[in-house]
Amino acid sequence: MKIAAHVTFFYVEERLKYLKKTVDSLLGLGVDTDIFIYTNKQFDLFPGHENVKYYIYNYQKNLLKFPYKSIFNKGGMKNWINPKYLTWENREIIPGIVDRYDVQLYLEDDINFTRDNLDYWMRYKDVVLKHGYNLGFLRVEKDTENDQIYVTDLTEKPGETIEINDQKYLLNNNNPYCGFWICPKDELKEFIKSKEWTFDFKDYGKREKSAIGWHGKNMTRYKGTLIPLMKNGDQYVTVKECAVHHLPNNKIGSGVLCTVKFPIVVN
């Protein structure tokens with residue numbers, strides 16, 4: 001299996017530690033993996049790794065907020081474009097390399113995607129896709145004061161379950177956003193043909209549009225997003241491998257996010 005991973009990093013020195021952890025985990029997947037980093041500043045955090053490639057764009061922090069489809073962007077003047085659009089640049093690269101890889105994924109620069117996450121995806125993806133669903137992940141954070149883990153993006157606990165081939169799944173109809181997407185080649189080819197590939201949809205901000213993939217709310221490709229459940233005594237809980245760590249843990253204590261405990265318990 002050959003994987004391409006696309007990571008956006010608007011250069012902030014204090015955040016290099018998160019990028020390093022994210023890329024180190026990708027390098028440790030144990031499969032043939034190429035990593036593409038989309039950034040606005042030249043740097044080399046991974047010397048000697050020929051499979052880590054940088055794309056440099058002249059986005060800058062400024063007061064001007066011209067959109068991605070403006071004449072300035074068409075003229076290559078990235079410094080005049082809202083820097084949040086750096087997250088869109090991978091969509092210009094992926095179609096040209098779609099046949100080179102079995103799997104491609106897009107990640108924010110602080111998402112720790114591990115071998116356990118990959119094995120989980122490989123185990124469940126085909127059966128849920130066959131039934132018209134997306135296999136979901138949950139972005140999680142750890143409260144260092146009490147070691148409790150919380151789901152970053154849910155404001156309430158989903159409760160609806162679905163059973164496929166004697167396996168029970170939780171339907172995440174609350175918020176399927178998890179800071180990244182992953183897609184096999186054939187599905188990605190169809191995604192590239194869709195209006196969502198060119199960001200012709202609502203409900204998400206400029207950066208979030210890149211990371212929601214093809215399974216966002218009000219999109220029609222899938223019936224919904226499913227997360228496998230396992231039996232735990234008289235209850236069911238979400239399997240631990242569906243969790244991807246949001247490394248900064250910066251939503252803890254927000255009062256809105258990080259209120260649902262992980263794993264999610266279903267009675």
Quiz item: Name the residues in region 188-204 that are within 19 Å of PHE137 (Cα to Cα) and surrounded by fewer than 17 Cβ atoms within 10 Å (Cβ to Cβ), would you?
Solution: TYR204
Quiz item: If THR8 satisfies every condition in (1) without any contact (Cβ under 8 Å) to a residue 60 or more places away in the chain; (2) surrounded by 15 or more Cβ atoms within 10 Å (Cβ to Cβ); (3) within 17 Å of the chain's Cα centre (by Cα) but one, which is the exception?
Solution: (1)
Quiz item: Considering only residues of region 4-51 that are among the β-branched types (Val, Ile, Thr), touching a Leu at 6+ places or on another chain (Cβ under 7 Å) and assigned to a strand (DSSP E or B), which is farthest from TRP80 (Cα to Cα)?
Solution: THR33
Exercise. For region 222-234, state whether one or more residues are at negative phi, within 18 Å of the chain's Cα centre (by Cα) and of a type in the set (Asp, Glu).
Key: no
Self-check item: Residue check, PHE191 in the same structural domain as ILE94 (by TED's automatic domain parsing), within 18 Å of the chain's Cα centre (by Cα), part of a loop (DSSP other than H, G, I, E, B) and not hydroxyl-bearing (Ser, Thr, Tyr)
Solution: no
Practice problem: Inspect all residues belonging to region 160-176 and state whether any of them is under 30 Å from LEU16 (Cα atoms), touching a helix residue (DSSP H, G or I) at 6+ places or on another chain (Cβ under 9 Å) and at pLDDT 95 or above. | Solution: yes
Exercise. Would you point out which residue out of GLU156, GLU190 is in contact with a Ser or Thr (Cβ under 9 Å, 6 or more places away or on another chain) and of a type outside the set (A, V, I, L, M)?
Key: GLU156
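The values are calculated or read from the model by the stated rules, or taken from the named source; none is laboratory data. These numbers come from a predicted model, not from an experiment. Backbone-built Cβ (ideal geometry, glycine too); neighbour counts: all protein chains shown.
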